Amino acid sequence: MSKELLNKQDIDRILARIAHEILEKNKGTGNLCLVGIQRGGVHLAGRLSKKIKEIEGNDIPVGSLDIAFYRDDLNIRTEQPAVRKTSVPCRIDDQKVVLVDDVLFTGRSIRAALDALMDIGRPANIQLAVLIDRGHRELPIKPDFVGKNIPTSMGEVVRVVLEEEGAKDTVTIE
Amino acid sequence: MKLSSKDLLGIKELEKDEITLILDTASGFKDVLKRDIKKVPALRGKTAVNLFFEPSTRTRTSFELAEKRLSLDVLNLAATTSSVAKGESLIDTSLNVQALGADFMVVRHSSSGAPHLLSRNVTASIINAGDGINEHPTQALLDAFTIQERMGTIEGLKIAIVGDIVHSRVAKSNIYLLKKFGAEVRLIGPPTLVPEEILSLGVKRYHDMELGLDTVDVVMMLRIQKERQTGGYFPSTLEYFRFWGLTSERFASAKKNAIVMHPGPMNRGIEIASEIADGSQSVILDQVTNGIAVRMAVMFLLAGIRE
């Protein structure tokens, strides 16, 4: 049984709000860059940068981060994760980096992403924006910007589908 | 998608989509190699032992660097300084290395099939770093990666391999790989070094450089292995260069944007002229850099195979 939690319009409104929150907290776009975690986070980071441009009128750098080499489950998985592109188009040293992901769950991906970012440079600070926070954290990680908090049980699956992957925007739980 | 075996013994044993997986993964590692911090924690806590029963500098250092950049612990065993010199058998050596806790054994041996023998006797992942005149799979993988990087694809390209095919494990691995990817493979060299039997691999054979290089996209030069030339395969290295050396005049037969490759170490003035080796169409040093990324990809993917 699958139930829709967010539709295209909901996602769009949430991203508009998060874009405003990012600008409010950082007092504009100075030294700001967005880095999305492969794959959903990359698309969301791209959309956020468009929203930010609509509001402030300037472009901010957007990067993509693949965390395959930093995962903590490489020893127990039965298959290596697919390796996707890491491309951070600016020096992140002394920049304010907003890490963007689709679903925040145990926090382990974020831990891996933090390590991956630290190997690329030394940001002034790192903030975390997520579309969905579904709880069940296993590490002390807390997002700065949350689209929607959704209480879930461990066994449920939250699926974020985005237009960039070829289907229509939707977030479902099953 | 994952590899089907714990070992990388040869290109012959790999499916095309397994090769594609390795090459795609390698491009992720190439990104890592461009950073200031060129190391990832992916294989932390695992151990690689490089077992080189035959001299090698470049392949061994490339593997060693790949291993270190994956955060593996690395041990180098060279035949001349180890118990092998005292008469220990190959299998006993490998069992001892395994007892030390090796997860990977990178093996180079002068006997074809040595890595295959080890793979049946140990549970560690065996990676063939060159066995006799059989295969050198990671060289073919890094060559394929370099061709894809420059030309976008391998399918449909005309690729000439020039030199001592009969003794070359690099040539064999490349032929297997390039045929799987739908390239036209031409072998060029004297009849003594490019025997008729090789035609069974679905390749074309030329004994004339100009004819063989006509409109090719890629020229892969092989090293004239002086240590294997005791059988009188050609009269002299000087004469070899006159007939089969890659010079600017001969390279003009290839396509305008053709690239030149060489697995190293090069013999300038024997198989390749310096103006070509150092020219703008030479990708010889790219091959060296790409070798690290490809070897990282192989080890990363093999680490995911659990029996």
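The values are calculated or read from the model by the stated rules, or taken from the named source; none is laboratory data. As the structure is a prediction and not an experimental result, all values here were calculated from the model. Using ideal geometry, Cβ is built from the backbone for each residue, glycine included, and neighbour counts are taken over all protein chains shown. We work out accessible area using only protein heavy atoms, side chains counted, and drop any ligands, DNA or RNA first. Shrake-Rupley method; radii C 1.70, N 1.55, O 1.52, S 1.80 Å.
Points to keep in mind about this one:
- Accessible area (Å², 1.4 Å probe, nearest 10) - B:Arg58: 120
- DSSP-loop trypsin sites (Lys or Arg not before Pro) across the range B:86-138, with at most 15 other Cβ within 10 angstrom: B:Arg120
- Residues B:Glu13, B:Glu271, A:Glu54, ordered by accessible area of protein heavy atoms at a 1.4 angstrom probe radius and largest first, appear as A:Glu54, B:Glu13, B:Glu271.
- The magnitude of the dipole of the range B:137-284, with charges of +1 and -1 set on the Cβ of Lys/Arg and Asp/Glu and taken from the Cα centre, is near 240 debye.
- Within the shell of other residues whose beta carbon sits under 12 angstrom from the beta carbon of A:Arg137, the net charge comes to +2, with Lys and Arg scored +1 and Asp and Glu -1.
- Radius of gyration over Kirkwood radius for the range A:19-174, both on Cα atoms: the Rg/Rh ratio is 0.95.
- Remark: C-alpha extents of the protein assembly as shown on the principal axes read 79, 54, 44 Å, sorted largest to smallest.
- All C-alpha to C-alpha distances of the range B:137-284, sorted into 5 Å bins beginning at zero, yield P(r) values of 2, 10, 22, 25, 23, 13, 4, 1, 0 percent in whole numbers.
- For the peptide A:77-88, the mean number of other protein chain Cβ atoms found within 10 angstrom of a residue's Cβ is 5.
- Treating each Cα of the range B:12-59 as an identical point scatterer and summing with the Debye formula, the log10 of I(q)/I(0) at q = 0.18 Å⁻¹ comes to -0.97.
- Cross-link partners of B:Lys34 among lysines (Cα-Cα below 19 Å; sequence separation of 8 or more within a chain): A:Lys85, B:Lys68
- Put A:Asp144, A:Asp59 in order of accessible area, highest first, and with a 1.4 Å probe you get A:Asp59, A:Asp144.
- Taking the range B:137-284 as the region of interest, the number of lysine pairs whose Cα atoms are within less than 19 Å, with members eight or more places apart or on different chains, is 12.
- The trypsin sites (Lys or Arg not before Pro) of the range A:1-101 meeting both criteria, a DSSP state outside H, G, I, E and B (loop) and at most 15 other C-beta atoms within 10 angstrom of the site's C-beta, are A:Lys27, A:Arg77, A:Lys85, A:Arg91.
- Size of charge dipole - the range A:132-174 - debye, nearest 20, with Cβ of Lys, Arg +1 and Asp, Glu -1, no other charges: 220
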